[in-house]
Each structure stands twice: as structure tokens, then as C-alpha cells.
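The values are calculated or read from the model by the stated rules, or taken from the named source; none is laboratory data. What you are looking at is a predicted structure, and each value in this text was computed from that prediction instead of being measured. Note that we place each Cβ from the backbone using ideal geometry, even for glycine, and neighbour counts take in every protein chain shown. To get the accessible areas, we keep the full protein, side chains included, count just its heavy atoms, and leave off ligands, DNA and RNA. Shrake-Rupley method; radii C 1.70, N 1.55, O 1.52, S 1.80 Å.
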Amino acid sequence: MPALSPAGDTDRSVKVVEQTTAAPSAPLRARAILLGLLLIPLNSYWVAVMEAAKYTGHPTTYSLYFNCVCWLLLLTVISRGLDRLRPGLGLTRPELLVVYFMLGIGSALVGHDQAQVLLSMILHPNQYASAENGWQDLFIRYIHPSLLVSNKETLKAIFMGHDTLWRPEVFSGFVKPLFWWGSFTLALLGAFASMSAILRRQWADHEKLTFPLVMLPLEMTEPDAGLWRNPLMWAGFSIPLFINLMNNLHQVYPSLPYIACRDKYLSDFLTARPWNAVGWSPLWFLPWAIGLGYLLPLDILFSSWVFFWYWKAQMIIASALGLGNNKPLAPYVPEQALGAYLGIATIVIWAARAHLRDVWRATVSAWRADGEDREAMRYRTATLLHLTSVGFLFWFSVHFGMEALPAIVFLVGYAGVTLAVLRLRAEFGAPVHDLHFADPGLIAVHIMGPGAFTPRTLVGYSFYFWFNRAHRSHPGPFFIESIVGAQRTGVSQRKVMLAMILAALVAIPSAYWALIASHIGEGLESSKLGGSLRWFGQQPWNQLAAWLKTPTKPDGAALTGIGAGYLVALGLFLVRIRFVGFPLHPVGYGISSTWSMGTVWLPLMIAWACKASIVRYSGLKGYRRFLPFFLGLILGDFLAGGLANVIGTFSDFKPYHFLG
């Protein structure tokens, strides 16, 4: 059982790369790591302005971050120029990749589903508590003061603006809560790093997973610049370049034509019941998503858009039957999606069981696996780091008020989701993995009812919304992708892991600083700002207030939804083993139900049609021939859109939303 795709699947979608744990030979100079560390605060500020302050671009809402691609191109061009002046003066290919992944984890931590949600949550309760809503007596009294910003001077500065973070009265109000939540984040990252060190050998060497999202940076940094010399790449590049150019010019000169790529919605045509239950269903043309889709296996592409309509059909049928009248959560789509992710995690653990036994043996005895000294960490070190990190997360949860058993249930559920996200990217390069509204804590409350938990446990579940609102900005995959990049370019995995850990240490405070600094001038209440830091905190705290005021009844059907999703994922996997070539895949089932898939289902269907035709009539040779064209679609969109967002960061220009 080597992989989620049967061994007979000949469409592996990317060029075959030799994946052996050879002794590293390429150097990784300290100056590359230092450059990455210096760029992280600047990159964090750029992301904070784009995503939160100006709400003009959201690179961290999809798997491939356009800001990191822009940085990689800039650094590659500069390095090539420096090497012309003096060989060895610029960064080497492995060093460029290390900086790319360091900026990736920095972007994730400041991203749309990470620190932006956290800051909103720790600012919201004391700012909006009032005699009318009764929050102080309802739930604030159950929250440890160290976890919230309560300093009135700090709240006034960040909400009213015209102030600075560095004024002592303002800065002091952030110190305690950001220290504790920064420590919590660091423990999460320690768990991700150790998990990556344990799994890399199984996934990259034994199961030969392709890690498609590592492909674009590898192609961009080829020493012979083969991608940039290919006419097909420039043909693909020119299409989104033209669209971005025209639509950005339209922003400045409205009389110029506008190319409508993201203005149509299926819901505009389906307005009668029950068809209007189809909900938000964009009909968008996104060149970058078509290009990224071309890198995915055909079965994943097919399953993604087919299952997207499977979920929509469930909603329409539920509306037609009136299920929402008695069961507001019906048809339990987020619960089914969570079950699918947990099913994928179960498959992954089962497939890796022999390797995990070796890891445990290396942890508790003097035995060492062959080549273990070339891994990112020794298995004993990785296991101890993982246990320590998870132990801290459990201690944190219980110390600040949660009951032990609900805390364990939450951490196990989150671990399953994390493992599935890592696998989705490692094997298939999934363009989306947001999993909205499938927070393990939220679903536990749906199943058991709020009355089954103490108020402090409900507070804990509400707090953990900040890294479970969605998983688009999940920082975990960057650890394993970085050491796979190290393996493929012949650089020491341990040095790369050290660089990533240093990047995490710099990225956490950089994320907090960037978000506060980009908002404290105008103030969160200003209509000039995007508003995400103002309204992200509304959902969990309003929901908590509702749980405590008017507790809902237990809904056992939510557990049935999880079970159904779990069994369908396992069933699809077993069917694919029995019938090689079966077109429906559990990964497509798991990722297709959420918001982000709504934006890319049509581009992925277009990519499937293009790729299926090319592979059918031209085979693997034709696939490789046209690959540069589709990489050009990604690069043209990302670089043209990224440049427009750079201009928007430092001016009042509102760039075209090319990403979706």
C-alpha cells in the first residue's frame, strides 16, 4: 500500500526526480540563511498590507504563494547577475530554494488563516464587551487575563489609530498575550518540523511521492535557465500578463476595456428553490489555477470538480426535502469533509506502519536506520521534539482551563487534519486545502451540545478557532517540502531544517509586528482598512456567547456525517486498489467541498480537459512538451499580479484581484 494512488497509475504528472537519500554535496552558506532571515520581516509586512490592511491580494489562501514566487524570481535574477561579475558571488540553486521556503513559512504565519485571526481574537472581547451583550459575566470571566489584550491604552491605539506600537503604554499591552500565543505557535511548529523529519524518508524514498509544489521553484532556478528560454513558457506567460495589464489599467482608466475573468456566478442563474441552495458557485477563469492544475494527476483533477458538484447536489437535495427546517446543519458537508481528511490520515498512517515501527525502535534503543544521519533530524531527536511539542500544547490547553479529555480529542483531530494536509500537498500538490467550518472543537460541540462542556472548555475551543478557521495558511507543509528540496538539490537536510527553525523564530514576531504596524496608523475602526482584523474575532466570540446563552441540543447526525466521510474516503481507496484506473479519488472527495474549491473548480476542469487530451493523443512526451506553457500561466499571473500588488502596497492603487 505505497501511496494513495495505486502503483499502476501511470499519470504521475511531474517529471521523475531521483529520490534517494544520498550524502549531501552542495554547500549551504550562512549568508543565504541570513538573507532569508532579513527578508522575512519585509515579506511579512507586504503580506499584512495586501491581505489585511488593503485587502487587495491574498497569496496565502492557496497552496502556491505568489509573493514567494516573486521573491524567488527577483533573487534568481540578482544572483545570476552577480555570478556574471564574479562566479560564486550570487546564491546557488539550493540556497535560493532555502530562502524561498523560509519566506514561505513566514508568509504562512502572517497569513489569512493564522496570525490575522489570532490578533483579531485577542483584541475583540475587551473592546466590544458591553452592558448590553453581557460578555464580561458571560465568558470573559472564564478567560485567563494573560491570553487577551486588556490594556485600555493599547486597545485605544490599535482601534482608533494615529499611534505607534513602540509607545511603552501601547507595547506593554501586547507583551503577555503575544508571548503566550507565540509560545503556543512555536510548539505547533515544533510538532510540524518533527513530523516532517519522521515522514520524509517514507514519503520521498519509499513511496516515491512527487511533491508537485516543489517543482515550480526547482524549474525556476535551473542553472541553465531552460524554462526561461522555452517559447511555450512565454506563450503561456503572455496570456495572464495581458489580462492583468488590461484589468489593472482599467482600475486607473475606467474607459479602457475590462476582461471579465471573475465576475460570473452560477447562483445568478439559479434563483428558485431548491436550486438556489447551490450557493456561492463562481464561474471564474483563473490562468494560474489552470497552470497549477496541469501538474496534478488526472484522477485528482477529475475528482475535484466532480465531487464539487456532488456536494452541491447534496445541498440542493437537502433544500428540496426541507431538511434544514429541523436540522440546520444538514447535509453536514463540513463534517463529511472532516471525516474524509481523517480517513486520508488513517490510510497514511497504515501505509507507513513499518517505517513508524523503525522510528520508534530508533527512539527507544541504540539501533540506527541506514542513512539516518543524513535525515533532517535523528529519529530519536524528532520523536522527543514531537512529544515535547504536543505535551506543551496539551499543558497549555489544560493550564488555561480546558478539561483534559476534550483537549485530547481536539489535538488528535487537529493532528489528523495536519497529516492529511501534508499528504495532499506531498503526493498531489493540492491547490486548496482550506476545510472551512470543520474545526474539531466546533464539531465536537455540535455533536455533544454546549451543555456537555464546561465554560472554560468552550472558551478553549473558541480560542483555537484562530488556527482552525481554515487551513489555507497551514505552515506545516513548508518543513517537509523544504527538506525534500534539499534532498533533490544535494544540500544537507539538517542545515535546511535549522534554517527553517530559525525562520520560524523570526517569522512569529515578524507576523505580529507587521499586522500591528500596518493597522495602528489608521486604526482598525477606519473604513480605509480591509477590516479582517476587526471582524475575524466576531465569529468565535459571538458563537461562544450563543452557546452559553441558549445552548443548542446535541446533534448526533454530525457524528454520522464524520463517519460517512471517513468511510467514503476509505471505500474509494479500496476500490482504487481493486480496480486500477478508477477515476474517483478520496483526495478529490476531501478537498472539493470548501470555499476555495468554489473559486477554482472551473479552472481545474479546464486543466483536466487540456491534460486529458494531451496525454491521450501525445502521451507523456506531449505532457512534458506542453508543461512549460502551463508553468508560464502560473508565472505570468503571479508575477504580473504580484507587481501590481507591490505598487498597491505603497500607493492608493487598487490592483485587479487576479488570484480569486
Of the accessible area of the chain, computed with a 1.4 Å probe and all protein chains kept, carbon and sulfur make up a percent value of 66 percent
What would the Debye equation give as log₁₀ I(q)/I(0) for the chain at q = 0.08, 0.09 Å⁻¹, counting only Cα atoms as equal point scatterers? -0.58, -0.75
Between SER526 and SER651, how high is the FRET efficiency from 1/(1 + (r/R0)^6) when r is the Cβ-Cβ distance and R₀ = 25 Å? Nearest 0.05. 0.90
Expected output is a single nm value to one decimal: the length gained when fully extending between TRP234 and ILE259, i.e. 0.36 nm times separation in residues minus the C-alpha distance. What is it? 7.0 nm
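For segment 297-411, compute the orientation-averaged projected area of the C-alpha convex hull (one quarter of its surface), in nm². Can you show the working numbers first?
Details: hull surface 47.5 nm².
Hull-based average projected area comes out at 11.9 nm².
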Classify segment 561-604 as rounded, prolate or oblate from the Cα gyration tensor: take a ≥ b ≥ c as the square roots of its eigenvalues, call it rounded if a/c is under 1.5, otherwise prolate when a/b beats b/c and oblate if not. oblate
Report the trypsin sites (Lys or Arg not before Pro) located in segment 23-95 that are in a DSSP loop and have at most 15 other Cβ atoms inside 10 Å of their Cβ, or state none. ARG29
For segment 535-547, in order, what is each residue's ³J(HN,Hα) by Karplus, 6.51 cos²θ - 1.76 cosθ + 1.60 with θ = phi - 60°, in whole Hz (x at glycine and Pro)? 9, 4, x, 5, 4, x, 6, 5, 5, 4, 4, 5, 4
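Nearest 20 debye, what's the magnitude of the dipole of segment 160-215 about its Cα centre given +1 on Lys and Arg Cβ and -1 on Asp and Glu Cβ? Present the calculation step by step, with values, prior to reporting the outcome.
On the way: 5 positive and 4 negative charges, 32 e Å.
Dipole about the Cα centre, nearest 20: 160 debye.
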Take the eigenvalues of the Cα gyration tensor for segment 54-143, scale each by 5, and report the square roots as semi-axes in whole Å, largest first. 46, 12, 10
Step by step: find N for segment 188-330, compute 2.2 N^0.38 Å, then divide the Cα radius of gyration by it. What's the final number? 1.51
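Determine the calculated [θ] at 222 nm for the chain from helices alone, applying -39500 (n - 2.57) to every DSSP H run no shorter than 4 residues and normalising by the residue count; nearest 500 deg cm²/dmol.
Values: 24 runs with 404 residues, N = 660.
The per-residue figure over the chain is -20500 deg cm²/dmol.
Applying a 10 Å radius around every beta-carbon, put 601-612, 402-413 in order of their mean neighbour count, most first.
Working: 601-612: 21.1, 402-413: 17.7.
Result, highest mean Cβ count within 10 Å first: 601-612, 402-413.
Between ASN542 and LEU85, take the C-beta separation as r, use R0 = 60 Å, and let me know the FRET efficiency to the nearest 0.05.
Values: r = 59 Å, r/R0 = 0.98.
Using R0 = 60 Å, I get an efficiency of 0.55.
Using R₀ = 22 Å, calculate the FRET efficiency as 1/(1 + (r/R₀)^6) where r is the Cβ-Cβ separation of ASP370 and ALA26; round to 0.05. Please list the in-between numbers first.
Values: r = 22 Å, r/R0 = 0.99.
E(calc), rounded to 0.05, equals 0.50.
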For the residue pair GLN251 and THR550, what label-to-label distance in nm results when each label sits 7 Å from Cα along the Cα-to-beta-carbon direction? 4.2 nm
J(HN,Hα) series, segment 260-276, from Karplus relation 6.51 cos²θ - 1.76 cosθ + 1.60, nearest Hz, glycine and proline x: 7, 9, 9, 10, 10, 9, 4, 5, 5, 9, 10, 10, 9, 6, x, 5, 6
For segment 198-264, what is one quarter of the convex hull surface built on the Cα atoms, given in nm²? 8.5 nm²
Please give, to one decimal in nm, the separation of the simple spin-label points placed at TRP350 and THR271, each 7 Å out from Cα toward the Cβ. 4.9 nm
Shape parameters for segment 601-647, alpha-carbon atoms, Rg then Dmax in Å: 13.6, 43
Using the alpha carbon gyration tensor of segment 366-437, what are the three equivalent-ellipsoid semi-axes (square root of 5 times each eigenvalue), largest first, in whole Å? 27, 23, 8
Are there GluC sites (Glu not before Pro) in segment 123-181 that DSSP marks as loop and that have at most 16 other Cβ atoms within 10 Å, and which are they? GLU132
